[in-house]
Amino acid sequence: MSFRITYSSIGQNILLTKNNALTGKAEIREFNGTIYRLGDSCTLEIKDSPAGERPIFGGGEIIVMGKGRNECGKSRTSCWITPAYHSSEKADFFIKPKEGAGNIDIFYALKGDILIYEFDNKNHTFPITVITEGKKAEITFDANQPNIRNRYSAISLDIADSEYDYILSNYIDPRKWR
């Protein structure tokens, strides 16, 4: 797997290597065409995981616009994101931390349905929630729960027009990423 930085204040066409974190506004392209656009305070790092060598991201806003059917990555709340159904193409999604809540992330399903899941202490996967296209989910992580399967809760909500406008203007518009 290879990840190439295509927009960043540190330069372009730089390969992002395993265990080297990138923080700040940047666009990264995966070998399969998937695009990761990081907001100003977001961090992305490539790490080994039960799903293979995958991006781990968090701390700020990020949009993932996909191609193919690979695993999408892992968010800071420790949950994994993937297309919800085996026959699905990779979905486009946006994640941001909920303001004032250090343990809540908001996941937006912009195109396609997404499955949010985690690995338990035996490396078995378990679902946290499925977010259908046009919806968002607030996922709360409680590190004090001794059983990893009880650490997550999710609430599904509609995406407001103003939220779509914000994502379109700041993350999808290619003029902001040149």
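Values quoted throughout were computed directly from the atomic coordinates according to the rules given, and no laboratory measurement underlies them. What you see is a predicted model; the values in this text were computed from it and never measured.
Applying the Karplus parametrisation 6.51 cos²θ - 1.76 cosθ + 1.60 with θ = phi - 60° to the phi angles of segment 33-43, what ³J(HN,Hα) value in whole Hz is obtained for each residue in order, glycine and proline being reported as x?
Running phi through 6.51 cos²θ - 1.76 cosθ + 1.60 with θ = phi - 60° gives x, 5, 10, 10, 10, 9, x, 3, 9, 7, 10 Hz.
What list of ³J(HN,Hα) couplings, whole Hz, do you get for segment 158-172 from phi and the Karplus terms 6.51, -1.76, 1.60, once you set θ to phi - 60° and write x for glycine and proline?
6, 8, 6, 4, 5, 5, 4, 4, 4, 5, 4, 5, 9, 10, 8
Specify the residue with the greatest mean-square fluctuation among Phe93, Phe126, Phe57, computed from a Gaussian network of the chain linking alpha-carbon atoms under 10 Å apart.
Ranking Phe93, Phe126, Phe57 by mean-square fluctuation puts Phe126 first.
What are the ³J(HN,Hα) couplings of segment 56-65, residue after residue, when phi is run through the Karplus curve with 6.51, -1.76, 1.60 and θ = phi - 60°? Round to Hz, x for glycine and proline.
Working through the residues one at a time gives 10, 9, x, x, x, 7, 8, 10, 10, 10 Hz.
My understanding is that a pair violates if its Cα-Cα distance is over 24 Å; which of Lys47/Lys111; Lys90/Lys122; Lys47/Lys136; Lys111/Lys176; Lys47/Lys135; Lys18/Lys136 do that in this structure? Walk me through the numbers before you get to the answer.
Values: Lys47/Lys111 26 Å; Lys90/Lys122 27 Å; Lys47/Lys136 27 Å; Lys111/Lys176 21 Å; Lys47/Lys135 29 Å; Lys18/Lys136 30 Å.
Flagged as over cut-off: Lys47/Lys111; Lys90/Lys122; Lys47/Lys136; Lys47/Lys135; Lys18/Lys136.
Can you tell me which of Arg149, Arg29, Arg37 moves the most in a GNM of the chain? Springs connect C-alpha atoms under 10 Å apart.
Among Arg149, Arg29, Arg37, the largest GNM mean-square fluctuation belongs to Arg149.
Among Ser49, Ser162, Ser75, which one shows the biggest mean-square fluctuation in a GNM of the chain, springs joining Cα atoms closer than 10 Å?
Ser162
Pull up all non-local amide H partners of Lys111: gap of 5 or more, or a different chain, and H-to-H distance under 5 Å with H placed in the peptide plane.
When sequence neighbours closer than 5 places are left aside, the close amide H contacts are Asp92.
With an 8 Å cut-off on Cα pairs and a minimum separation of 6 or more residues, tell me the relative contact order of the chain in percent. Please report the intermediate quantities before stating the final value.
Values: 417 pairs, mean separation 22.5, N = 178.
It comes to 13 percent, rounded to a whole number.
Could you tell me which label, among [x] 9.8; [y] 10.4; [z] 12.8, carries the value of mean projected area of the Cα convex hull in nm² calculated for this structure?
The calculated read-out lines up with [x].
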